[in-house]
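The block underneath contains the structure these notes are about, expressed in structure tokens.
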Amino acid sequence: MQRLRISFGRGAPVRFISHLDTMRCWERVFRRAAIPIEYTQGFTPHPKIAVAAPLAVGFTGEAELMDVWLRKWMPPDALLMMTRRQLPAGFSVHSAREVPESLPSLQSVVCAGRYRCVASYPGGPAAAEAAVRSFLEAPSFDFQYERAGVEKRQDLRPLVQELTVAAGDAGTCVVDMLLMLGQEGGARPDHVLSALGFAEPFESIHRTSLSLAS
């Protein structure tokens, strides 16, 4: 069995599909491309595909990571060529490389994500800069949100490693942030924007990179 690590992108045309639908899409792409994907054992076999950190609905990304297991060896470049022919609009694949089967799962080693967001702020970019300064100077910053009908609270401050804001086009702001991710918990960029007071709906939230623990 061969394990390949693929870097891929999800663009605006498919930003509103769920993670489950995204995985179904990749399964169809690999099947149509005749990629020999390995399947799990059991009553309902599933393709052995694992994404590092699924994107939330509405987000886009350019450097997503996915591991796939093949039941027989093939050159990574051949997988790229065959897969690109079957990709629907909005998806892209950038690279593929073989990794040892013994490596930990992607989900267990992903530790941070970098995002670029475009949103409007009441009072304009100057007011947004003041809000960002206040956030960075605070020792903690509680944010309350609802998930599956349950009220939750999270201290966002220790989860935000970097945060900057600059003036964008047509009075918008461009917000760059580096957020902690992982199985122990992490921050969502839309939660950070809401906590700072940016106006919803946000124009775009785009993940530019993922970091893995060494």
> Given Cα pairs under 8 Å that are at least 6 residues apart, what percent is the relative contact order of the stretch 1-86?
Replying inline: 48 percent
> For the stretch 110-212, what's the radius of gyration and Dmax over Cα atoms, in angstrom?
Replying inline: 13.3, 38
> For the chain, what's the relative contact order in percent, using C-alpha pairs closer than 8 Å and at least 6 residues apart?
Replying inline: 26 percent
> Can you list residues whose amide H is under 5 Å from Leu212's amide H, if they're 5+ apart or on another chain and H is modeled 1.01 Å from N?
Replying inline: Cys111
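From the P(r) of the chain, could you give the percentage of C-alpha pairs in the tail past 33 Å? Mind showing how you got there, number by number?
Values: 5348 of 22791 pairs.
For the chain, the fraction of Cα-Cα distances above 33 Å is 23 percent.
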>> Using the Kirkwood formula on the Cα atoms of the stretch 2-103, what hydrodynamic radius do you get, in angstrom to one decimal?
In response: 13.9 Å
> What 222 nm value per residue comes from the helices of the chain, counting each DSSP H run with n ≥ 4 as -39,500 (n - 2.57) and dividing by all residues, nearest 500 deg cm²/dmol?
Replying inline: -6500 deg cm²/dmol
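Expressed in nm to one decimal, what extension gain is obtained for the pair Ser108 and Thr208 from 0.36 nm per residue of sequence separation less their Cα-Cα distance?
34.0 nm
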>> Could you identify which residue out of Ala138, Ala50, Ala112 has the top mean-square fluctuation in a GNM of the chain using Cα springs shorter than 10 Å?
In response: Ala138
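Just so you know, all these numbers are worked out from the coordinates, no wet-lab data involved. Nothing here was measured: the structure is a model prediction, and the numbers come from that model.
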